[in-house]
Amino acid sequence: MRRLAVWSGPRNLSTALMRSFSSRCDCVVSDEPFYASYLATTGIRHPGRFDVLSSQPQDWQKVACQMAEGPAPLEKPIWYQKHMAQHMDKTMLAPWLERIEHAFLIRHPARVIHSYLRVFPSMTLTETGLPWQVLLYKHLRQTRRHPPLIIDAHDLQLRPKSTLQRLCEAFGISWKSSMLHWPTGQHPQDGVWAPHWYKKIWESTGFTPAPVEDSPLPEPNVPFLDEAVSLYEQLLSCSKSETQPTTN
């Protein structure tokens, strides 16, 4: 069984990408398995907090062991794991990660922050997921022969087929056209938090056309924007040379 982890920040089209993989007949998906651990550790009061805490293990080590060594929810050859970078911290940078294949999904912080604040009233740099994404990417560059693939949500929205083909190639799995479409509504794999965060994806049947991504967007009024953009641009720069073997 292949264990494929894609690390995303919030509001990065990560649920659409999960939908894409769940449309494969050879793939089962897991939705944000560290969410309860994150809420329990931080005390953050996201909508549906009690339901999330009740639906998952709150011990991150138990979750990590399951993701790296445990059985998948269904017996299929590919296990796609949708991981949210903001749910993690540096103590979780541990050997369990070596048993999983990794890729990254990024999005410009201005768009992430605007989208996030429509659902929850406040945000920090950590909640963008970017600090963990940079930390994990640097770790993987040092420990693996080739750096993991980084894809940008803008490319996924603008050119879904070619972007998904690149991701499949990076993971060494076949491309399937079924990844471009999915049925509307709630899916069995959705977490209990879905009613609060997934309303748009429930209405969708595929990747939304990209013109909205090209529209002018005012800078969000948060003190960490410049730092978030700097981290995003680090990852974006790495994505342009990701086919080259690491020299670290």
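Values for this structure:
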{"quantity": "Surface per residue (accessible, 1.4 Å probe) for the chain, Å²", "calculated": "47"}
{"quantity": "Rounded FRET efficiency, nearest 0.05, which uses the C-beta distance separating Met1 from Val119 and R0 of 45 Å", "calculated": "0.85"}
{"quantity": "The stretch 189-205 versus the stretch 1-70: alpha-carbon centroid distance in Å", "calculated": "14"}
{"quantity": "Low-density loop positions, trypsin sites (Lys or Arg not before Pro), the stretch 148-243 - DSSP coil, at most 12 other Cβ in 10 Å", "calculated": "Lys240"}
{"quantity": "Beta bridges per DSSP with both ends in the chain, % antiparallel, nearest 5", "calculated": "5"}
{"quantity": "Under-27-angstrom lysine pairs by C-alpha in the chain, whenever the two are 8 or more apart or on separate chains", "calculated": "23"}
{"quantity": "Shape of the chain, Cα gyration tensor, a/c cut at 1.5", "calculated": "rounded"}
{"quantity": "Unit charges at the beta carbon, dipole of the stretch 90-248: most positive-side option, Val229, Pro121, Pro218", "calculated": "Val229"}
{"quantity": "Cut-off under 5 Å, modelled amide H: who pairs with His187 long-range", "calculated": "none"}
{"quantity": "Interchain or long-range residues, amide H under 5 Å from Arg2's placed H", "calculated": "Ile78, Trp79"}
{"quantity": "Percent accessible area from carbon and sulfur atoms, the chain, protein chains only, probe 1.4 Å", "calculated": "53"}
{"quantity": "Val28, Val192, reordered so the largest accessible area comes first (probe 1.4 Å)", "calculated": "Val192, Val28"}
{"quantity": "In Hz, Karplus ³J(HN,Hα) per residue of the stretch 181-197 (6.51, -1.76, 1.60; θ = phi - 60°; x = Gly, Pro)", "calculated": "9, 7, x, 5, x, 5, 10, x, 7, 4, x, 5, 7, 3, x, 8, 10"}
{"quantity": "Other-chain or far-sequence residues with amide H under 5 Å of Ile150's (modelled H)", "calculated": "Phe104"}
{"quantity": "Prolate/oblate/rounded label for the stretch 104-248 (Cα gyration tensor, a/c 1.5)", "calculated": "oblate"}
{"quantity": "In Å, descending, principal axis extents of the Cα set of the stretch 16-108", "calculated": "37, 31, 29"}
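The values are calculated or read from the model by the stated rules, or taken from the named source; none is laboratory data. Given the structure is predicted, the values throughout are model-derived calculations rather than measurements. For neighbour counting, all protein chains shown are included, and Cβ atoms are generated from backbone atoms with ideal geometry for every residue, glycine included. These area figures cover heavy atoms from the full protein model, side chains too; ligands, DNA and RNA do not enter into them. Shrake-Rupley method; radii C 1.70, N 1.55, O 1.52, S 1.80 Å.
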